[in-house]
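Before any comments, here is the structure.
The values are calculated or read from the model by the stated rules, or taken from the named source; none is laboratory data. These numbers were taken from a predicted model, which means no experiment stands behind them. When we count neighbours, we look across all protein chains shown, and the Cβ atoms used for this are built from the backbone with ideal geometry, even at glycine. Surface areas here come from the heavy atoms of the whole protein model, side chains and all, with no ligands, DNA or RNA. Shrake-Rupley method; radii C 1.70, N 1.55, O 1.52, S 1.80 Å.
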Amino acid sequence: MRYLPHTDAEIREMLSRIGIESIDALFASIPEANRLGRPLDLEPALDEVRLTKHLSSLADANDAARALSFLGGGMYDHHVPPAMDQLLMRSEFYTAYTPYQAEVSQGTLQSIYEFQTIVCQLFGTDVANASMYDGASAAAEAVLMARRIKNRERIVLSDALHPEYREVIRTYLSGLEGPEVVVVKHAADGRTDYDALAEAVDEETAAVVVGYPNFFGCVEDLARVRELASKHGALLVTATAEPYALSLLKPPGAYDADIVVGEGQALAVPPQLGGPGVGLFSCKQEFVRQIPGRLVGETVDTDDRRGYVLTLSTREQHIRRARATSNICTNHGLIALALAIRTAMLGRSGFEEAGRICLSRAEYLKESIRSLDGFDVPFAAPTFNEFVVRRQDGLAAPLLASLAAQGVLAGVDLGLFYPEHGNDFLVSVTEKHEKADLDRFVTALSAA
């Protein structure tokens, strides 16, 4: 969208219409001592041609955009087709905001309804809301929801749950009286220590929260976690940061998970400056009255024509604060729409094929790294497209910095989150990586 400034003639006409002689007169109510009294000290304005060149030169300075990236850790670089961007930028979507007269905006409601349906299919659950801010806020809202349902205060988190998700959960709970957060360590294979989990869960536990896959890329044994939670009547909450993993894994709903949340960025938009994302939130039908945010439903009008309505909106702006389930004030509608478009383009078979490519290329890279001197893959648990690499003779941070200088973003330094894993880094592979990319990575590691 272009910025079109007013001409001098248009400015004079507007000033004449309101009965003043100059723009300065609009600020007459501001005391003279509080006015700057001179133009702002800014560089001269650029015309469109020179501005475009200037912005291009700034963009060219971003070496990371041209680097070979294996970054993951909650944000993933999957292919986003140009057709999706074109659909997403249609004015009725691109400039739309949450409808306050919801039923007037049937197109917006239908797009949200389709998104909710896709989330339910993805997670194997009964009902989903219109989206949350991101995966971390969805996880925190799931914990709050579990407290309401169970009327208990103990929350048991796996320390293999995304560290930033755990931090956001603590932040959400910090203003409340009563919550107790217990963190269970991970085992030697990279999954949650299930023996320690069994000891941590008791009759006061509202929920057990695990990643699926977890932050190390390892696939948790949800059947066992379900059993441990059920033994004491606690809810099972799962958080999936990489939704492509569910192209091949059984969905959490198949393990009777009570609340299933996740991050939808990988299925919607490229990673960019840490966001935006879109929080995915779903649960069993029996808990629908406790779900945060909005929920769009399908109905028929008086002429028996299909229509969409805002079925549930339990935020404090709409109902009495004491009865609100959340103060979340919006949903990430544009990114939710992007996810719906992308998954519709993929279809079930395309989604599964993309998952198989990710898995096979990740396994190829994993085995190639295992064969290198000085490196190892420390965790034995099964993974999807993300796994931990251990540098045997030093810290990961200087190695990652050296490889970045060569144009290879080799992974996420786990020492940033786990001091005991200073030698380890997290590597992510997607369908965008060709065999030549994987071989270049291995060659760079071997020469480091």
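Of the peptides 7-15, 347-355, 422-430, the ranking by mean beta-carbon count within 10 Å, highest at the top, reads 422-430, 347-355, 7-15. Structural descriptor for the range 125-177: relative contact order 48 percent, calculated from alpha carbon pairs under 8 angstrom and at least 6 residues apart. Each residue, Val182 and Gln272, gets one label point 7 Å from its Cα in the Cβ direction; the gap between the two is 4.4 nm. Charge tally for Cys283 (other residues, Cβ to Cβ under 10 Å; Lys, Arg +1; Asp, Glu -1): -2. Spatially, the range 166-197 and the range 372-404 are offset by 25 Å when compared through their Cα centroids.
In this label model, Asp202 and Gln106 are separated by 5.7 nm, measuring between points 7 Å along each Cα→Cβ vector.
Comparing Pro82, Pro243, Pro213 in a Gaussian network model of the chain where C-alpha atoms under 10 Å apart are linked, the largest mean-square fluctuation is found at Pro82. Short-range pairs are left out: with C-alpha atoms under 8 Å and at least six residues apart, the relative contact order of the range 323-448 is 24 percent. Rounded to the nearest 10 degrees, the inclination of helix 135-150 to the longest alpha-carbon principal axis of the chain is 70 degrees.
Taking a ≥ b ≥ c as the square roots of the eigenvalues of the Cα gyration tensor, an a/c ratio of 1.5 or more together with a/b no larger than b/c marks the range 5-111 as oblate. Considering only Pro419, Pro276, Pro31, the Gaussian network model of the chain with Cα springs below 10 Å gives its largest mean-square fluctuation to Pro31. Using a probe of 1.4 angstrom and keeping all protein chains present, the accessible surface of the range 203-271 works out to 24 square angstrom per residue. Sort the range 57-211 into rounded, prolate or oblate with this rule: let a ≥ b ≥ c be the square roots of the eigenvalues of the Cα gyration tensor; rounded if a/c is under 1.5, and if a/c is not under 1.5, prolate when a/b is larger than b/c, oblate otherwise. It is oblate, given that a/c is not under 1.5 and a/b is not larger than b/c. Excluding ligands, DNA and RNA, the accessible surface per residue across the range 339-414 is 43 Å² with a 1.4 Å probe. The packing ranking, built from the mean of other Cβ atoms within 10 Å per residue, places the peptides 64-70, 152-158 in the order 152-158, 64-70, highest first. Based on C-alpha pairs under 8 angstrom that are at least 6 apart in sequence, the chain has a relative contact order of 20 percent.
Assuming a ≥ b ≥ c are the square roots of the Cα gyration tensor eigenvalues, decide whether the range 290-448 counts as rounded (a/c under 1.5), prolate (otherwise, with a/b larger than b/c) or oblate. Cα axes put the range 290-448 in the prolate bin.
Ligands, DNA and RNA left out, the 1.4 Å accessible surface of the range 1-61 is 58% carbon and sulfur atoms. Once the 1.4 Å probe is applied to the protein heavy atoms, the range 1-158 comes out at 67 Å² accessible per residue. With a 1.4 Å probe rolled over the protein heavy atoms of all chains, the accessible area of Lys366, Lys150, Lys435 falls in the order Lys435, Lys150, Lys366, largest first. In whole angstrom, how far apart do the alpha carbon centroids of the range 413-448 and the range 9-81 sit? So the separation of the two Cα centres works out to 39 Å. When peptides 253-265, 177-189, 40-52 are ranked by their average number of other Cβ atoms within 10 Å per residue, the highest-first order is 253-265, 177-189, 40-52.
Here the accessible area is traced with a 1.4 Å probe on the protein chains. For the range 126-245, carbon and sulfur cover 43 percent of it.
Over the residues of the chain, the helix contribution to mean residue ellipticity at 222 nm works out to -11000 deg cm²/dmol, using -39500 (n - 2.57) for each DSSP H run of at least 4. Annotation: aspartates and glutamates with alpha-carbon distance below 14 angstrom to Lys284 (same-chain offsets under eight excluded): Asp126, Asp256, Asp258. Global dimensions of the range 201-277 from alpha-carbon coordinates: Rg and Dmax equal 13.7, 43 Å. Here is the link list: Lys231/Lys366; Lys53/Lys435; Lys185/Lys435; Lys250/Lys366. Which ones come out longer than 30 Å on Cα distance? In this structure, Lys231/Lys366; Lys53/Lys435; Lys185/Lys435 exceed 30 Å between Cα atoms.
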